[in-house]
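Working notes, beginning with the structure itself.
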Amino acid sequence: MATDPPDRVRFRVTREALGLTQAQWGAVLDVHGLTVSKWERGLLTPNDRAVAIVTRLQDKLAVEVARLGVEIRAALESAGALEAFRLLLEATR
């Protein structure tokens, strides 16, 4: 049975997926960057509002990653690896 990762991991992975520093992520979540650092190290528990925001963002990111996966698989089947690679590069811009 799969279990959800702890909040500290979810917060770090989401922040990194968005390409934000801890200070930037803290500004978005209306907390200090050091608070984000403590959340990510498991020293503090994130507040309910921050958890709700991260959960919604992760749902959105999962949908985008799933959509991209479908597009890449379709490109591999129809146009080949070069087209799939182009899609992947485009998605990471």
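The values are calculated or read from the model by the stated rules, or taken from the named source; none is laboratory data. Quick caveat, the model's predicted, so the values are computed rather than measured. With ideal geometry, Cβ positions are generated from the backbone for all residues, glycine too; neighbour counts draw on all protein chains shown. Note: areas computed on protein heavy atoms with side chains; ligands, DNA, RNA excluded. Shrake-Rupley method; radii C 1.70, N 1.55, O 1.52, S 1.80 Å.
Build a GNM of the chain with springs between Cα atoms under 10 Å: which of Ala81, Ala17, Ala66 gets the top mean-square fluctuation? It is Ala81.
Given their separation in residues at 0.36 nm each and the Cα-Cα distance between them, Glu71 and His32 gain 10.2 nm when the chain is fully extended. Label positions at Ala52 and Glu90, each projected 7 Å from the Cα along the C-beta direction, are separated by 3.7 nm.
Using Cβ point charges alone (K and R +1, D and E -1), the dipole size of the chain about the Cα centre works out to roughly 260 debye. Can you pull the percent of Cα pairs in the chain with separation above 24 Å? In whole percent, the long-distance tail amounts to 36. Taking the C-alpha atoms only, the angle from helix 7-18 to the longest principal axis of the chain is near 50 degrees.
Note on the chain: with a GNM built from Cα contacts shorter than 10 Å, the maximum mean-square fluctuation among Arg12, Arg73, Arg56 falls on Arg73. For the chain, averaging the sequence separation of C-alpha pairs within contact (under 8 Å, six or more residues apart) and dividing by the residue count gives a relative contact order of 20 percent.
Carbon and sulfur together cover what percent of the accessible area of the chain at a 1.4 Å probe radius? The C+S portion of the solvent-accessible surface of the chain is 59 percent.
For the chain, a Gaussian network of Cα nodes joined below 10 Å ranks Glu16, Glu40, Glu77 by mean-square fluctuation, and the top entry is Glu77.
Using a probe of 1.4 angstrom and keeping all protein chains present, the accessible surface of the chain works out to 70 square angstrom per residue.
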